[in-house]
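This report concerns only the one structure given below.
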Amino acid sequence: MQNNNTFKFLLFLILPLVSLSACGTKKNLQQDTLQSNHINAFDPTRSGTIDGPRRDALEAILPNYTNWETAELSGKLRMKKLPISPTIKIFMKKDEEISISVRASLLGEVGRIEVIGDSVTAVNKMKRVYCSESISGIRYDYPDIIGDVQSLLLARIVALKAGELNQGNSDFFDFEEIVDENSNSKWSLTFPRGHSEEDELFYSYKVNSLGLIDQLLLAASTSDHELSLSLDYSYPGRGFDLNIVFNQDLKQKFDASVEFGDTQWGVKSPAPLNLNSRYTRVGIKQFLKSF
């Protein structure tokens, strides 16, 4: 049961947008609308059209969003139902790959989940079973989902289906400046602009003075369910802590956190999975039962 809960957490950690991505096809996120608004961030013809709070926020936030090629996060997983705190290591290749390794004391790597291209592979090394599922349908509807999840793991603002925050996609948000007790400027970003209770998809960010996310709240209404996802970030001085809460129809389905150290940049890829003849491929339900 311990490892079952660990892998459930990792699935939410890797794909926090997947359960809500279907809502991206609704009227608020139609692809033609996104493409028409997702203009070059450096388009000089737009420099005079940005309002004060938006301009001030972008000038403070965007310089912190430096380019990168590979990155690695390491941390301890915390869950109420886990008597121990396994170590997880996340490797990311920008826009292409997310690999999460689960490690236990004295045992080394006991499992791994990889999202590469159009597939997700999960491996239980202790039982020598694995499952591999296609996400080509999701990638077709949401081509940049890997990059967007990577940005969230780096505590960076994302406009769903339009990438990491930039001058062009900032049009999707209402900006509000908040000055804290130390006179530091923070911001609230809300999608869609002019949000009302009738919106089928809503999300908002609270962002600190360095442009890093303090909180992301998402809510979606489907024909069958009411879904909500909360990502809360805190910065204790080294790295950051991330807490994930997922609710369905006002009932909490998942709650866990991970304590990350400092992000490592420019790291090498982990050793590839060696799924030889000793491993058996199973379906995802059987895979979870293997724990």
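The values are calculated or read from the model by the stated rules, or taken from the named source; none is laboratory data. In this text the structure is predicted, and so the values were computed from the model without any measurement. Heads up, the Cβs are rebuilt from the backbone with ideal geometry, glycines too, and the neighbour counts pull from every protein chain shown. The protein model used for the area step is the full one, side chains on, heavy atoms only, and it has no ligands, DNA or RNA in it. Shrake-Rupley method; radii C 1.70, N 1.55, O 1.52, S 1.80 Å.
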- Item | Loop trypsin sites (Lys or Arg not before Pro), the range 110-140 (other Cβ atoms within 10 Å of the site Cβ: 14 or fewer; DSSP) | ARG128
- Message: Taking all protein chains in place and a 1.4 Å probe, what share, in percent, of the accessible surface of the range 107-148 do carbon and sulfur account for?
- Response: 52 percent
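What's the long-distance tail for the range 124-168, i.e. % of Cα pairs beyond 14 Å? Intermediate results must be reported in sequence, preceding the final value.
Details: 591 of 990 pairs.
That tail contains 60 percent of the Cα-Cα pairs.
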- Note on the structure: As a Kirkwood estimate from alpha-carbon pairs, the range 65-112 has a hydrodynamic radius in angstrom of 12.1 Å
- Query: Got a number for carbon plus sulfur as a percent of the range 228-291's accessible area, 1.4 Å probe?
  - Reply: 48 percent
- Task: Based solely on C-alpha atoms, express the radius of gyration and the Dmax of the range 149-232 in angstrom.
- Result: 13.3, 45
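Taking Rh as the Kirkwood radius, which is the inverse of the mean 1/r over Cα pairs, what is the Rg/Rh value for the range 177-291?
Working: Rg = 19.7 Å, Rh = 18.0 Å.
Taking Rh as the inverse mean 1/r over Cα pairs, Rg/Rh reads 1.09.
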- Message: Could you work out the pair-distance distribution P(r) of the range 119-196 from its alpha-carbon pairs, with 10 angstrom bin width and percents rounded to whole numbers?
- Response: 15, 31, 28, 15, 10, 1
